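The values are calculated or read from the model by the stated rules, or taken from the named source; none is laboratory data. Everything numeric in this text was worked out from a predicted model, so none of it was measured. For neighbour counting, all protein chains shown are included, and Cβ atoms are generated from backbone atoms with ideal geometry for every residue, glycine included.
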């Protein structure tokens, strides 16, 4: 499982969506949390190096931009 971190404005925008679209975005984020950078088209699209868009919906479409970073952590 991957950790998703949100900018406060991005999180606010998600919760300001219409309920149906919000549910679709949250489901897409669950997929992203489970698969991380292995989540590919049609769920994500590449914008440029390390910058992707999360694509949800078929008729009504929401696109959320995301940046992937490799982070090394040590837990003591």
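What pairs come up if the first residue lies in the stretch 6-28 and is within 17 Å of residue 58 (Cα to Cα), the second is part of a helix (DSSP H, G or I), and their beta carbons are under 8 Å apart, counting only those six or more places apart or on different chains? Here the result reads 17/25; 22/14; 22/15; 25/14; 26/14, each pair linking the stretch 6-28 to a residue that is part of a helix (DSSP H, G or I). If a residue must be closer than 15 Å to residue 66 by Cβ and part of a loop (DSSP other than H, G, I, E, B), how many such residues does the stretch 1-48 contain? The number of residues fulfilling the criteria is 10. Within the stretch 28-39, the set of residues being at pLDDT 90 or above and surrounded by fewer than 12 Cβ atoms within 10 Å (Cβ to Cβ) comprises 30, 34. For residue 15, the criteria (1) exposed (fewer than 12 other Cβ atoms within 10 Å of the Cβ); (2) touching a strand residue (DSSP E or B) at 6+ places or on another chain (Cβ under 9 Å) hold in every case but one, which is (2). The residue that is surrounded by the fewest Cβ atoms within 10 Å (Cβ to Cβ), counting only those in the stretch 53-64 that are touching a helix residue (DSSP H, G or I) at 6+ places or on another chain (Cβ under 8 Å) and in a strand (DSSP E or B), is 55.
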